[in-house]
Every structure is written in C-alpha cells, then in structure tokens.
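Only one structure is covered here, and it is reproduced in the block below.
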Amino acid sequence: MGKFGKWVAGGLGWAIFGPIGGILGFALGSLLDTQEFKATTTYSATTTGSFAMSLLVLVAAVMKADGKVLRSELDYVKKYFIQTFGEDSAAEALKMLRDILNQNIPLQAVSVQIKQNLDYASRLQLLHFLMGVSNADGHIAPAELNTIAIIASYMGVSTKDFESIKSMFVEDTDSAYKILEIEKSASVDEIKKAYRKMAVKYHPDKVSHLGEDFQNAAKGKFQKVNQAYEKIKKERNII
C-alpha cells in the first residue's frame, strides 16, 4: 500500500461522516481491505486522510463541471498527483477518483462540511490544489473555474483570497498585485506590508498538521507570493 492508502487507512477523521462519508462509503471498498480499515481508522480529529479525501471529492466535482470527464483529464490529474505524491499514491488516488466520478456530488453540502471541519489555511490549500489540477494542461476551462469559485464561496474563502490563488494560475497584467491582494496603485509601504502578510498566510508551516507531503506541496503558494513580490519590486524599482 502506497502513501495515499496509508493516509486513508490511518484515519479519516470527520470525513467518514456527512455527505463526504456517503460518497466515500462506495469508493473506499475499491482501495482498502475492510478488516484493516475497521482496525485502524479513527473518527474524530482532522487527519491527512480527511484532507486527502476532501481533495479527491472536490477534484471529481471540478472534473464533472462541464458535464463530461475525458481520458485526457484523468491523465492530467494522474500526472499532477505523481508529481505531488509519487507513483504509488497517484495510482491509489486515481482508482478512488474513478469511483467517485460515478457518483452524484452534492457540492454545497460537501463544501460546507469541509468549511466546518478544516481550518482556513487548509481550505486555501485545497483551492490551490484544485487550480493546479485544472491547469494541468496549461488551461483552466471556464466551467471548471466557475465550479472552483462556487466551492470557494461555500467553504467561506474570501473573494480576495480566491482571486489571489486564481492569479497564481490565470495570468494577466495585474496578476502579481492580485496575488498580494493589493491595487496596482499601492504605495511602496503598502506593497511591503502586503508581502509580509501574504508570506505569513501562505507559509507551508500553516498546513504542517497535514503531514510532510502536503506541507511540501504548499510551498507552491509561498513561491508564487515571492515571485509576485520580486516582479513588482523590479517593475517599481523597489530596493
């Protein structure tokens, strides 16, 4: 069993209940031996397994956004998961994802359950993952972007934070400023203050409780903040 299976077998926490639990009840049978699952799963705290299962359910919802799931999309997701979690974990995740894709996903109920059980930093990381998966082919389809925006709203993510993360993947002339959540007319002091604030908000340590793999994956957001700041500094000749 690879990392993904161990995360799930090690404890699903709150994700075993509510709408997410209903979806997973069908999908888990394709990955885990029933006896092992019952022997090792806990049902209270937020765990790496809870986060991983939330991610899979939301990925499925985004992939179904345009009414069809293409083989190419599954290949893109597999590639993204391999880069993020490794070959074995990607294979396990894709096996579960195919089962979840065959089910109806109550998007609002699932997102609200996540909002009630995951801290804000972890919800931001979920959004970053969803954007990354959607952008795996270098383009985010409008239907998928709209679904991610709806998920963000249901999860209680602010509009500014959603736009910040979106701008890490959908570039325009103001992307660097949007990532730092400031206007292009911001003063030097406002730019520096915004950078410090966003560097704290998106620091990988904010999701250290999710485990080393997800913490390492969170470095992508942090790097984008630094890149945005460096770009603005160069444009504005800020020392």
**Request:** State whether one or more residues within segment 226-235 are out of contact with any helix residue (DSSP H, G or I) (no Cβ under 7 Å at 6 or more places or on another chain), loosely packed, with under 13 Cβ neighbours inside 10 Å and of a type in the set (D, E, K, R).
**Result:** yes
**Message:** For segment 84-99, check the following and say yes or no: at least one residue is modelled with pLDDT of 80 or more and within 25 Å of Phe162 (Cα to Cα).
**Reply:** yes
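Looking at Ser111, Ser89, Ser122, which is the one that is touching a Gly at 6+ places or on another chain (Cβ under 6 Å) and of a type in the set (Gly, Ala, Ser)? Full working, then the answer.
Values: Ser111 fails: touching a Gly at 6+ places or on another chain (Cβ under 6 Å); Ser122 fails: touching a Gly at 6+ places or on another chain (Cβ under 6 Å).
Residue meeting the stated conditions: Ser89.
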**Fill in**
The condition from (1) without any contact (Cβ under 8 Å) to a residue 24 or more places away in the chain; (2) not in a helix (DSSP H, G or I) that Ile238 misses is numbered (1)
**Any hit, segment 101-110, residues being assigned to a helix (DSSP H, G or I), in contact with a Leu (Cβ under 9 Å, 6 or more places away or on another chain) and modelled with pLDDT under 85** = no
**Prompt:** Within the bounds of segment 49-61, is there any residue that is hydroxyl-bearing (Ser, Thr, Tyr), touching a helix residue (DSSP H, G or I) at 6+ places or on another chain (Cβ under 9 Å) and modelled with pLDDT of 80 or more?
**Reply:** yes
**Message:** If I filter segment 64-90 down to residues being within 19 Å of Phe51 (Cβ to Cβ) and not β-branched (Val, Ile, Thr), which single residue comes out as surrounded by the fewest Cβ atoms within 10 Å (Cβ to Cβ)?
**Reply:** Gln83
**Prompt:** Has segment 156-177 got any residue that is out of contact with any strand residue (DSSP E or B) (no Cβ under 8 Å at 6 or more places or on another chain), closer than 21 Å to Ser50 by Cα and touching a residue at least 12 places away in the same chain (Cβ under 8 Å)?
**Reply:** yes
**Request:** Quick one: Ala194 ticks every box in (1) at pLDDT 95 or above; (2) surrounded by fewer than 19 Cβ atoms within 10 Å (Cβ to Cβ) except a single one, so which number is it?
**Result:** (2)
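Would you confirm whether or not segment 214-228 contains a residue that is on the phi > 0 side of the Ramachandran plot and assigned to a loop (DSSP other than H, G, I, E, B)?
Going residue by residue through segment 214-228, those that are on the phi > 0 side of the Ramachandran plot are none.
No: segment 214-228 contains no residue that is on the phi > 0 side of the Ramachandran plot and assigned to a loop (DSSP other than H, G, I, E, B).
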**Asked** Say we look at segment 52-100 and pick out the residues that are farther than 15 Å from Phe214 by Cβ, assigned to a helix (DSSP H, G or I) and of a type in the set (Val, Ile, Thr); which of these is farthest from the chain's Cα centre (by Cα)?
**Response** Ile100
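The values are calculated or read from the model by the stated rules, or taken from the named source; none is laboratory data. All of these numbers come straight from a predicted model, not from anything done at the bench. Neighbour counts are summed over all protein chains in view; Cβ atoms, including those assigned to glycine, are modelled from backbone coordinates with ideal geometry.
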